[in-house]
Amino acid sequence: MSHAFPYRTALIVGAGAGLSASLARALTAAGVQVGLAARNPAKLAPLAEQIGARTYAVDASGAEAVAGLFQAVDASLGEPDVVIYNASGRSPGPLVDLDPEAVRRAIEVAAFGGFLVTQQAARRMLKHRHGAILLTGATASVKGFARSAAFAMGKFALRGLAQSAARELAPQGIHVAHVVIDGGIRSATRGDPADRPDSTLDPDAIAETYLALLRQPRNAWSWEIEVRPWVETF
C-alpha cells in the first residue's frame with residue numbers, strides 16, 4: 001500500500017516515546033521519510049536508528065528556532081509535505097497559586113508553537129498546493145478541568161488555530177486537521193488496571209487514525225476527529 005500513500009516526507013515536532021514514536025513507525029511503514037524534532041533530540045536516537053529517521057533540536061515556542069528547524073529539514077530531508085505538531089505545555093495547580101511565567105510558557109509551547117510550525121509548513125505547502133498539517137489535541141481542547149487552566153488555554157487555542165487554518169488552507173490543497181485525544185495514552189509507565197482493560201488508548205491504534213486522516217480524499221476531508229476509550233461513560 002505504500003505506493004498509494006499521498007505524502008513523501010513528514011516532520012513530527014514535539015516528538016517523544018509515545019504517540020510520536022507510533023506515528024513515526026507507521027509513516028515509515030507507509031514509505032514516508034520521517035524527521036523528528038524535540039527540545040532534547042538525544043532521547044530520540046534509538047527510535048531514529050530503528051526506522052532510519054533524522055532528528056533535530058528545536059524550542060517550538062521560538063520563531064527563529066522554528067524557522068531554523070524547517071530550513072534544516074529542507075536541506076537534509078526535503079520540504080515536508082506532512083507536519084504533525086505534538087508539543088504541549090502544562091502548569092498544573094490551583095488557579096490562585098499558578099506562576100504567571102510558567103503559565104505563559106505552557107501556552108507558548110502548546111499554542112504559539114503550533115502557530116509557528118503551521119505557518120512554516122503552510123509557506124512550503126502553498127507553493128505546491130499540496131500537504132497536510134495535523135495538530136494533536138486533548139480532552140482539554142474541548143473541556144477545561146479544574147487545576148488545569150494553562151493546559152486548557154493552550155489546547156483551546158490550538159483547536160482554534162486548526163479550525164481557522166483548515167478553512168483558509170483546504171481550498172488551497174492543504175489538509176489541516178485537529179485530533180482530540182480524549183483519554184490517556186498507554187505507555188510503559190501507564191498501563192490499564194486489570195479491572196478496566198482498554199481504559200487507556202493504544203498509541204499504535206491512534207497512529208492508524210492519523211494515517212487514515214492522511215489517506216482521506218480531498219472531497220471528504222475531516223478538519224477534526226476524536227479518539228477515546230470505549231470504556232468511558234459519556
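The values are calculated or read from the model by the stated rules, or taken from the named source; none is laboratory data. These figures come from a predicted structure and were not determined experimentally. Quick reminder, even Gly has a Cβ in these numbers, built from the backbone with ideal geometry, and neighbours come from all protein chains shown. SASA here: full protein model, heavy atoms, side chains in, ligands and nucleic acids out. Shrake-Rupley method; radii C 1.70, N 1.55, O 1.52, S 1.80 Å.
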Practice problem: Restricting attention to helices (runs of 4 or more DSSP H) lying wholly within region 1-100, give those where 2 or more residues are more than 22 Å from A157 (Cα to Cα), open to solvent by 10 Å² or more (accessible area, probe 1.4 Å) and in contact with a strand residue (DSSP E or B) (Cβ under 8 Å, 6 or more places away or on another chain). | Solution: 45-51, 63-76
Quiz item: Looking at A152, is it of a type outside the set (S, T, N, Q) and farther than 18 Å from V82 by Cβ?
Solution: yes
Practice problem: Could you tell me which numbered condition S141 fails, if it satisfies all but one of (1) out of contact with any His (no Cβ under 8 Å at 6 or more places or on another chain); (2) among the polar types (S, T, N, Q); (3) crowded, with 21+ Cβ neighbours inside 10 Å? | Solution: (1)
